[in-house]
Amino acid sequence: MKGERAVDIASSQFHGTDGELPVARGDENCPLSSAFSAAAHELGLKQVDYTSREQVGVSQNLFMMEKGERWSAARAFLEPAVNRRYKVHITTNSVASKILFSGNRATQVVYNEDGVNKAVRARKEIILTGGAIETPKLLMLSGIGPEEELKKHKIQAVSTLPVGKGLKDPLKVWMRYKTEDKVSVTMDKVTSARSFLEYYFKKSGPWSETLQSQTTVFVDTVKGGKRPNINVNMLRAVALPNQAEILGIKYELEDLFNAGLYDSNTEGFTFIPTLLHPESTGEVR
């Protein structure tokens, strides 16, 4: 919360207001979002803030954006640090390959930058933020992981820990619907000269909006459950206009199942129910 700056959120009890990263509600004038919210209320779900203690119900989505512009953690934290000439060094085209240890203390990170192996020494600490796949992979390559996996790949063990275990992958189902109303995000709208000019001069129009609906729903399908087990999001498109398609790049793999049903100019929307707490687990090896 310290790094968050709530832009237009009333329930600031659960949000920071003095941080660097702006967080805001989406455009509340979206017809699809309004219809989604109204339908959920008709089913008896109440309005909540999903960042609060009570999550079961209808909530407005939050986005890292301000005045029509999307923000990222890099823009909020890294760019100001670089511009102020703090001791921040950023490398691109770089992939970490191993952590070196002195005893049980991590001291260096080995990485490959443009085909050249390099190493950087840590004076205090090393923070890994590679996600659910790359972080355990890097740890195991560095000698931290299950003993049997390290032996299999002839990696000297620094510490035997259950790294890579308990991997959860929430199941999502994409349910697409067409609509006669012209209310969704389509290729023609995104790539039109009007959309570009609206964003360039006013920071408005399709480029300033989000593909994801401003409304999200959390439900508890288990009676007596204390937390939601299903989340339903909605995309304001039936087929996603993607960067490759905008640039005229064709995929080698075709979507034969949905061929002829819709394209990126089809008006519609997509519901995405997500199983929040799957019982099945996997692992990274």
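The values are calculated or read from the model by the stated rules, or taken from the named source; none is laboratory data. Quick caveat, the model's predicted, so the values are computed rather than measured. So basically every Cβ, Gly included, is an ideal-geometry build from the backbone, and we count neighbours across all protein chains shown. To get the accessible areas, we keep the full protein, side chains included, count just its heavy atoms, and leave off ligands, DNA and RNA. Shrake-Rupley method; radii C 1.70, N 1.55, O 1.52, S 1.80 Å.
Of the strands (runs of 3 or more DSSP E) lying entirely inside the stretch 1-67, none contains at least 1 residues that are modelled with pLDDT under 85 and at positive phi. When you scan the stretch 141-172, how many residues do you find that are without any contact (Cβ under 8 Å) to a residue 24 or more places away in the chain and of a type in the set (Lys, Arg)? Residues in the stretch 141-172 being without any contact (Cβ under 8 Å) to a residue 24 or more places away in the chain and of a type in the set (Lys, Arg): 3 in total. Val88 meets each of the listed conditions (1) over 30 Å from Leu235 (Cβ atoms); (2) touching a residue at least 24 places away in the same chain (Cβ under 8 Å) apart from (2). The condition of being under 23 Å from Val109 (Cα atoms) and either open to solvent by 90 Å² or more (accessible area, probe 1.4 Å) or among the acidic types (Asp, Glu) (or both) holds for Glu149. The numbered conditions (1) under 30 Å from Glu209 (Cα atoms); (2) of a type in the set (Gly, Ala, Ser); (3) at pLDDT 85 or above; (4) open to solvent by less than 50 Å² (accessible area, probe 1.4 Å) are all true for Ser94 except (1). Of note, Ile144 does not satisfy the criterion of being β-branched (Val, Ile, Thr), open to solvent by 60 Å² or more (accessible area, probe 1.4 Å) and within 31 Å of the chain's Cα centre (by Cα). Keeping to the stretch 212-243, report how many residues are at pLDDT 80 or above, open to solvent by 20 Å² or more (accessible area, probe 1.4 Å) and in a loop (DSSP other than H, G, I, E, B). Summing the residues that are at pLDDT 80 or above, open to solvent by 20 Å² or more (accessible area, probe 1.4 Å) and in a loop (DSSP other than H, G, I, E, B) in the stretch 212-243 gives 5.
Among the residues of the stretch 200-211, the ones that are under 14 Å from Pro31 (Cα atoms) and modelled with pLDDT of 85 or more come to 0 in all. The condition of being in contact with a Leu (Cβ under 6 Å, 6 or more places away or on another chain) and farther than 30 Å from Pro273 by Cα holds for Lys98. Does Leu138 satisfy being open to solvent by less than 90 Å² (accessible area, probe 1.4 Å) and free of Cβ contacts under 8 Å to residues at least 40 places away in the same chain? Answer is no for this residue. With respect to (1) in contact with a strand residue (DSSP E or B) (Cβ under 6 Å, 6 or more places away or on another chain); (2) exposed (fewer than 14 other Cβ atoms within 10 Å of the Cβ); (3) assigned to a helix (DSSP H, G or I), the lone exception for Ala76 is condition (2).
Looking only at residues in the stretch 41-73 that are open to solvent by less than 80 Å² (accessible area, probe 1.4 Å) and free of Cβ contacts under 8 Å to residues at least 12 places away in the same chain, the one that is farthest from Trp207 (Cα to Cα) is Gly44. Go through the residues of the stretch 263-271 one by one and say whether even a single one is open to solvent by 60 Å² or more (accessible area, probe 1.4 Å) and modelled with pLDDT of 80 or more. So far as the stretch 263-271 goes, yes, one or more of its residues are open to solvent by 60 Å² or more (accessible area, probe 1.4 Å) and modelled with pLDDT of 80 or more.
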